[in-house]
Amino acid sequence: MKRLLLLIFSAVLLFNAEATHIVGGEIMYEFQSENTFNKIYKIKLFLYIDCINGSDGAIASDIDGLINVFNAKNEVLLTNLCKTVRRNSPTRVSDVNYSCIKTTPNACVDKYVYETTISLPKNGNFIISFERCCRNNTISNIVAPESTGATYWTEINTSIDNSSPSFKNLPPNFLCTNAPLNFDHSAYDADGDSLVYELFQPYDGAGTSTANSSRPDYSNFNNLPHYPKKLILWQSSYNTYFNQIDGIPTLTIDEKNGKLTLTPTKTGQYVIGLKVKEYRNGVLIGETKRDFQFNVSECVFYVVSSFFAPKYNCNNNEVSFTNRSQGGITYHWDFGDPFSQQDTSIFTNPKYKYSIPGNYTVRLITRSNTCNDTSEYDIVIKESFQVHLPEDTLICGKFTIPIRSDLNDKLFKWNTGETTPEITVNKGGSYWIEATDAPCSARDTMVITNDLSFLDLGPDSVICRDSFVQFTYLGAPGYNSYLWNDNTDKQTVFISQLGKYWVNVTNENNCPSSDSITFILYPPPHIYINDSLFCKNTPVTLDGVNYSSKTNLETTYSWNSGQKTPQITTYQPGQYIVTVRNKLCTIIDTANLQHIETGLDLGNDTFYCGPVDRWIIPQDGFVKYIWEEFSEDKNIHATSPGKYKLTIVSKEGCVESDSITLYQYPQIDGGLGDDTTICISSKLQLTASDSMVDYLWNTGATSRSISVSEAGVYTITVRNENGCVISDSVSIFEQADALPIDLFMPNAFSPNDDFINETFPGNNYSDPGSPYLLSLYNRWGEKIFESESPNFEWDGKIKGNYAPQDVYVYQVRYVACDNVERYFRGTFTLIR
């Protein structure tokens with residue numbers, strides 16, 4: 001078995017990054033010859049360049065291109081097949097699409113041709129690819145055009161002898177808004193293969209960062225050509241098949257003859273993609289792709305011929321034509337109907353009815369005083385058709401039927417997904433078929449109502465009675481007609497004896513149905529369980545025994561509490577349900593059990609912060625009260641901690657007990673101690689007991705300790721972790737005749753007979769009898785006064801004479817109220 005070699009060609013131009021000059025291009029091949037192992041092909045690359053806006057440096061750098069070969073199966077570059085190609089001199093594209101244009105828009109396109117030959121292994125698949133950056137940055141219909149490249153490629157299958165088709169003509173280098181383009185974009189195929197034309201999405205190419213050279217560094221990934229996979233990105237309002245460029249009518253190409261039609265409506269630059277596919281014996285063997293930039297401008301015409309009509313007419317043979325010509329004075333229409341001699345008109349917006357369906361070329365000649373212009377457009381008159389399904393129907397019961405269209409020569413699509421003229425269905429619902437003769441279609445719907453209802457009288461009926469009693473049986477409701485086996489034609493039938501009864505019915509859709517029911521007599525079980533009130537901790541027995549002697553041996557029991565015995569014993573109140581079944585009959589009985597509530601409640605256990613003192617008083621109305629200490633008094637006085645339990649006998653005879661426990665916490669102490677006396681200006685630290693949760697002094701402090709220096713009553717309230725609260729107070733007295741710890745000495749006095757600050761030190765301390773010595777000195781150190789009692793002070797005289805105004809020195813030595821001797825000195829000023 002021979003293995004096929006799948007390879008890919010790529011031709012890459014040598015260029016500098018960010019060159020914006022590419023207008024379009026295509027690549028083709030011609031089979032030349034073959035030898036034992038290879039086939040020889042001529043490769044032709046046509047590159048179209050913007051010769052106005054393109055970069056001169058980028059155009060100049062395109063003189064050489066690089067042909068690269070890839071393995072198509074694994075996309076590996078085969079460097080040994082790479083070769084450099086030099087271009088031919090450019091050909092200026094100068095075709096003008098319009099005959100009556102006043103001024104030609106400023107547009108310029110040059111066509112360059114690169115040719116080379118290459119030898120490829122037989123029985124392989126190859127792709128020749130050419131890539132280049134960049135397109136014009138003013139292109140309107142693609143995203144980021146300034147960084148978007150172009151790739152042109154075609155596939156070679158060397159297992160067959162073939163040359164690719166080549167386009168005959170190149171589109172004009174500019175188009176005008178609102179002016180029709182009718183262009184022959186057909187191709188020539190040297191092998192005579194069948195050709196089909198269509199639009200396609202062009203390919204992106206080398207990026208702005210790609211750097212190629214005539215001797216590329218194949219170890220550098222950024223320097224390698226790319227496999228042709230990446231497509232350009234359309235702007236959001238454009239797409240591949242319906243709107244590559246703004247136009248009414250939009251861009252279309254006839255798949256059979258390659259005729260390209262468009263009337264552009266918006267200025268700008270637009271990239272479009274068109275390709276021709278070749279078939280041999282119905283098999284696709286190759287294609288040639290061209291992408292090209294249309295430059296659309298606002299043009300000034302002497303006259304322009306333009307009109308609009310629907311491309312396809314599906315409903316009738318009459319077509320309305322809208323004249324969109326500019327500058328016209330008179331019009332001549334030729335509707336292209338070979339079956340009529342009256343297929344012309346001179347009206348501005350005519351109508352024409354074609355005699356038979358077909359393809360027609362409509363031509364409009366628009367005349368002015370200076371010029372005549374002609375436009376044409378191909379329209380298709382489709383044969384009007386309708387598709388029909390059978391009428392809606394009702395089917396009773398299960399079914400399988402075929403549904404068939406009345407047409408055979410169309411494409412079909414059912415809502416079931418099938419594409420045949422006929423389908424088989426087996427359930428009700430709505431079924432539609434769409435018949436298509438593209439782009440025309442017709443649809444019809446058939447609704448199958450499937451009535452699957454059936455009569456169900458339910459299971460045979462067991463009459464659970466000890467003896468049979470005649471009765472009237474109510475059959476299934478909702479039917480139009482009834483017929484019982486005793487010829488009763490009502491919903492109800494009289495059951496005069498046990499046995500089997502059947503009935504035939506028809507429903508609202510007149511669908512028939514039948515069923516039967518058999519009546520059987522069987523003795524039921526008999527049980528008796530009753531609601532009951534009972535004392536707590538007292539058992540209650542519920543008896544579900546079947547009292548039917550005929551069926552006792554085959555009886556089963558099921559309680560909602562889970563037991564399966566005939567009798568159950570419980571201490572708990574609640575609802576008890578027993579289900580008793582004796583083979584065919586079942587009976588359910590319910591008993592609600594409730595405790596007798598005596599109401600005995602001694603209350604909650606209680607804690608005391610100190611002595612226990614509690615009268616325990618239970619509810620009234622009991623027959624007997626018995627305390628655990630054997631007291632039969634109703635109320636007791638508890639003065640000590642402990643558990644107190646009471647047992648009572650209710651008027652219903654229920655015996656019930658309850659208890660209460662009284663706890664006593666250890667007594668707490670505030671910890672302030674006895675009252676005490678302090679001397680004037682001394683400070684005393686008062687500290688409460690420790691391990692308390694909360695402290696609150698009558699001073700507002702919340703700390704455990706406070707410092708006091710004034711007489712008064714100080715109270716603290718404390719709370720311990722058990723929640724016990726107690727208050728404690730202490731009285732503080734001042735010792736008025738004691739010398740204070742901090743003795744006050746003024747810094748000045750004024751003995752001037754105004755009765756203010758007449759003596760020094762003038763602090764009015766009483767003489768406590770404790771050691772005290774005050775000595776005064778003048779500035780020369782001479783002692784001028786001395787006293788051993790605070791009651792005796794200096795009056796500002798020395799030996800009976802007024803001492804001069806000056807600064808004097810004092811020193812004092814004394815024992816304060818804390819029995820500590822102190823000494824200090826200072827200065828004061830005598831002021832006259």
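The values are calculated or read from the model by the stated rules, or taken from the named source; none is laboratory data. Not measured: the values here are computed from a predicted model. Cβ sites come from the backbone with ideal geometry, for glycine too, and all protein chains shown count toward neighbours. Accessible surface is based on the protein model in full, side chains and every heavy atom, while ligands, DNA and RNA are left aside. Shrake-Rupley method; radii C 1.70, N 1.55, O 1.52, S 1.80 Å.
Among the residues of the range 183-202, those that are more than 24 Å from F31 (Cβ to Cβ) and open to solvent by 50 Å² or more (accessible area, probe 1.4 Å) comprise D184, E198. Residue count for the range 170-182 under the criterion of being under 27 Å from K230 (Cα atoms) and either open to solvent by 50 Å² or more (accessible area, probe 1.4 Å) or over 52 Å from the mean Cα position of the chain (by Cα) (or both): the result is 0. Of the residues making up the range 649-689, those that are more than 30 Å from L602 (Cα to Cα), of a type in the set (V, I, T) and not in a loop (DSSP other than H, G, I, E, B) are T676, T677, I678, T687. Inside the range 407-417, residues that are in a strand (DSSP E or B) and farther than 22 Å from V447 by Cβ make up a count of 1. Being touching a residue at least 24 places away in the same chain (Cβ under 8 Å), out of contact with any helix residue (DSSP H, G or I) (no Cβ under 9 Å at 6 or more places or on another chain), β-branched (V, I, T) and open to solvent by 50 Å² or more (accessible area, probe 1.4 Å) holds for only one residue in T374, T366, T344, and it is T374.
Here's the yes/no breakdown for (1) closer than 30 Å to T687 by Cβ; (2) surrounded by fewer than 16 Cβ atoms within 10 Å (Cβ to Cβ); (3) in contact with a His (Cβ under 9 Å, 6 or more places away or on another chain):
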position	(1), (2), (3)
I732	yes, no, no
N764	no, yes, no
Y772	no, no, no
D806	no, yes, no
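What residue, among those in the range 125-169 that are surrounded by fewer than 21 Cβ atoms within 10 Å (Cβ to Cβ) and part of a helix (DSSP H, G or I), is nearest to the chain's Cα centre (by Cα)? Here the residue is S147.
Of all the listed residues (I668, I636, I660), the sole one being more than 15 Å from K536 (Cβ to Cβ), among the hydrophobic types (A, V, I, L, M, F, W, C) and without any contact (Cβ under 8 Å) to a residue 24 or more places away in the chain is I636. Among the residues of the range 378-406, those that are in a strand (DSSP E or B) and more than 30 Å from D254 (Cα to Cα) comprise T393, L394, I395, C396, I401, P402, I403, R404.
Looking only at residues in the range 20-44 that are open to solvent by 60 Å² or more (accessible area, probe 1.4 Å) and not β-branched (V, I, T), which one is farthest from L170 (Cα to Cα)?
Just the residues of the range 20-44 that are open to solvent by 60 Å² or more (accessible area, probe 1.4 Å), to begin with: 30, 32, 34-37.
Retained after the next criterion (residues that are not β-branched (V, I, T)): 30, 32, 34-35, 37.
Numbers: E30: 19, Q32: 25, E34: 32, N35: 35, F37: 37 Å.
In this case the residue turns out to be F37.
How many residues does the range 684-703 hold that are farther than 14 Å from S729 by Cβ, open to solvent by 80 Å² or more (accessible area, probe 1.4 Å) and within 60 Å of the chain's Cα centre (by Cα)? Summing the residues that are farther than 14 Å from S729 by Cβ, open to solvent by 80 Å² or more (accessible area, probe 1.4 Å) and within 60 Å of the chain's Cα centre (by Cα) in the range 684-703 gives 2.
Whether any residue in the range 108-120 is farther than 23 Å from D64 by Cβ and surrounded by fewer than 16 Cβ atoms within 10 Å (Cβ to Cβ) is what I want to check. No, because not a single residue in the range 108-120 is farther than 23 Å from D64 by Cβ and surrounded by fewer than 16 Cβ atoms within 10 Å (Cβ to Cβ).
Of the residues in the range 91-124, how many are polar (S, T, N, Q), part of a strand (DSSP E or B) and modelled with pLDDT under 90? Please lay out each step first, then the result.
Just the residues of the range 91-124 that are polar (S, T, N, Q), to begin with: 91, 94, 97, 99, 103-104, 106, 116-117, 119, 123.
Of the ones still in play, those that are also part of a strand (DSSP E or B) are 91, 116-117, 119.
In the following step, the residues that additionally are modelled with pLDDT under 90 were identified as 91.
Qualifying residue count for the region: 1.
Could you please find all residues in the range 777-791 being surrounded by 14 or more Cβ atoms within 10 Å (Cβ to Cβ) and either assigned to a loop (DSSP other than H, G, I, E, B) or at pLDDT below 90 (or both)? Reasoning before the result, please.
Of all residues in the range 777-791, those surrounded by 14 or more Cβ atoms within 10 Å (Cβ to Cβ) come to 777-778, 784-785, 787, 789-790.
Hits for the range 777-791 are N778, S789, P790.
Flag: A72 does not match the condition of being open to solvent by less than 10 Å² (accessible area, probe 1.4 Å), aliphatic (A, V, I, L, M), touching a residue at least 24 places away in the same chain (Cβ under 8 Å) and more than 25 Å from L251 (Cα to Cα).
Scanning the range 393-445 for residues that are under 20 Å from N313 (Cα atoms), touching a residue at least 40 places away in the same chain (Cβ under 8 Å) and among the aliphatic types (A, V, I, L, M) returns A435, A442. I'd like to know if the range 704-727 contains one or more residues that are farther than 25 Å from V820 by Cα, among the β-branched types (V, I, T), open to solvent by less than 40 Å² (accessible area, probe 1.4 Å) and free of Cβ contacts under 8 Å to residues at least 24 places away in the same chain. Among the residues of the range 704-727, at least one is farther than 25 Å from V820 by Cα, among the β-branched types (V, I, T), open to solvent by less than 40 Å² (accessible area, probe 1.4 Å) and free of Cβ contacts under 8 Å to residues at least 24 places away in the same chain, which makes the answer yes.
Kindly provide the set of residues from the range 94-107 that are crowded, with 19+ Cβ neighbours inside 10 Å and more than 53 Å from the chain's Cα centre (by Cα), ordered by number.
Here is the first cut: in the range 94-107, the residues crowded, with 19+ Cβ neighbours inside 10 Å are 98, 100-101, 107.
Y98, C100, I101 - these are the residues of the range 94-107 that are crowded, with 19+ Cβ neighbours inside 10 Å and more than 53 Å from the chain's Cα centre (by Cα).
Among the residues of the range 45-64 satisfying the criterion of being open to solvent by 30 Å² or more (accessible area, probe 1.4 Å) and assigned to a loop (DSSP other than H, G, I, E, B), which is farthest from A150 (Cα to Cα)? By that ranking, first place goes to I52. Take E383 and decide whether it is of a type in the set (D, E) and more than 27 Å from S99 (Cβ to Cβ). Criteria met by E383. Within the range 481-505, the residues that satisfy the criterion of being among the polar types (S, T, N, Q), open to solvent by 50 Å² or more (accessible area, probe 1.4 Å) and either within 59 Å of the chain's Cα centre (by Cα) or under 19 Å from D456 (Cβ atoms) (or both) are N485, Q491, T492, N504. In the condition set (1) exposed (fewer than 15 other Cβ atoms within 10 Å of the Cβ); (2) in contact with a strand residue (DSSP E or B) (Cβ under 6 Å, 6 or more places away or on another chain); (3) within 30 Å of L394 (Cα to Cα), E508 is compliant with all but (2).
In contact with a Leu (Cβ under 9 Å, 6 or more places away or on another chain), farther than 29 Å from L233 by Cβ and not aromatic (F, W, Y), is that true of S159?
When the stated conditions are applied, S159 passes them.
The numbered conditions (1) aliphatic (A, V, I, L, M); (2) at pLDDT 75 or above; (3) assigned to a loop (DSSP other than H, G, I, E, B) are all true for V85 except (3).
Do you know which of the residues in the range 587-625 that are touching a residue at least 40 places away in the same chain (Cβ under 8 Å) and of a type in the set (S, T, N, Q) is most open to solvent (accessible area, probe 1.4 Å)? Step by step, filter the range 587-625, then rank; the result is N604.
Selection over the range 557-586 of residues that are more than 25 Å from D466 (Cα to Cα) and open to solvent by less than 40 Å² (accessible area, probe 1.4 Å) gives a count of 4.
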